[in-house]
Amino acid sequence: MEERRSKPRLSVNLEAVWDRESDNHPALITDLSLGGCYLNTVGETRTGETVGFRVLLPDGDWLYVEGEVRHHSIGRGFGVKFIDLDGEQEEKIELLLRLARESGGEHDSISANLVAE
């Protein structure tokens, strides 16, 4: 299978909540890049749909972003490509990526647990 991502992704473990039709759905972001992320969730979406979601940051604040659903697996989750990120949103995503890299050491497969307990 050909890799379609233009930006490297990192394995993470971030709490998130996404919205659809006035319902909030809990999710866990399991990979992240500057271009998008994967939300592990049981809620359903459609390819091409725009979803808004909030990501819990390590300082307890929430980052709101929107993404276009690029692929989905019913009952498992979906991958999104970020759309219309502003400078502040990009900075916060870069911070999350930096924290994931720092906690992952020098291994090829980087993993980080950034979920606030």
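The values are calculated or read from the model by the stated rules, or taken from the named source; none is laboratory data. A quick note: this is a predicted structure, and the numbers were derived from the prediction, not measured. So basically every Cβ, Gly included, is an ideal-geometry build from the backbone, and we count neighbours across all protein chains shown.
Out of curiosity, is Gly75 closer than 19 Å to Val17 by Cβ and modelled with pLDDT under 90? Considered against the rule, which asks whether it is closer than 19 Å to Val17 by Cβ and modelled with pLDDT under 90, Gly75 comes out as yes.
Evaluation of Phe78 against the conditions (1) in a strand (DSSP E or B); (2) surrounded by fewer than 16 Cβ atoms within 10 Å (Cβ to Cβ); (3) not aliphatic (A, V, I, L, M) shows that the sole unmet condition is (2).
Test Pro26 against the stated conditions and say whether it is in contact (Cβ under 8 Å) with a residue 24 or more places away in the chain and surrounded by fewer than 17 Cβ atoms within 10 Å (Cβ to Cβ). No; evaluated as a whole, the condition is false for this residue. Listed by first and then second residue, the pairs with beta-carbon distance under 7 Å, at least 6 apart or on different chains, first residue in segment 73-92 and more than 15 Å from Arg54 (Cα to Cα), second surrounded by fewer than 16 Cβ atoms within 10 Å (Cβ to Cβ) and hydrophobic (A, V, I, L, M, F, W, C), are Gly75/Val42.
In segment 55-67, which residues are buried (at least 16 other Cβ atoms within 10 Å of the Cβ) and assigned to a strand (DSSP E or B)? Scanning segment 55-67 gives Val55, Leu56, Leu63, Val65, Glu66, Gly67.
Any chance segment 44-54 includes a residue that's buried (at least 19 other Cβ atoms within 10 Å of the Cβ), out of contact with any Phe, Trp or Tyr (no Cβ under 6 Å at 6 or more places or on another chain) and modelled with pLDDT of 90 or more? Checked against the condition, which is being buried (at least 19 other Cβ atoms within 10 Å of the Cβ), out of contact with any Phe, Trp or Tyr (no Cβ under 6 Å at 6 or more places or on another chain) and modelled with pLDDT of 90 or more, segment 44-54 yields no hits at all.
May I ask you to list the residues in segment 6-36 that are among the charged types (D, E, K, R) and under 8 Å from the mean Cα position of the chain (by Cα)? The answer is Asp31, and nothing else. Please determine whether any residue of segment 101-115 is in contact with a Gly (Cβ under 6 Å, 6 or more places away or on another chain) and either within 15 Å of His25 (Cα to Cα) or modelled with pLDDT of 90 or more (or both). The answer is no; no qualifying residue exists. When segment 34-43 is filtered for residues that are crowded, with 18+ Cβ neighbours inside 10 Å and out of contact with any strand residue (DSSP E or B) (no Cβ under 7 Å at 6 or more places or on another chain), nothing remains.
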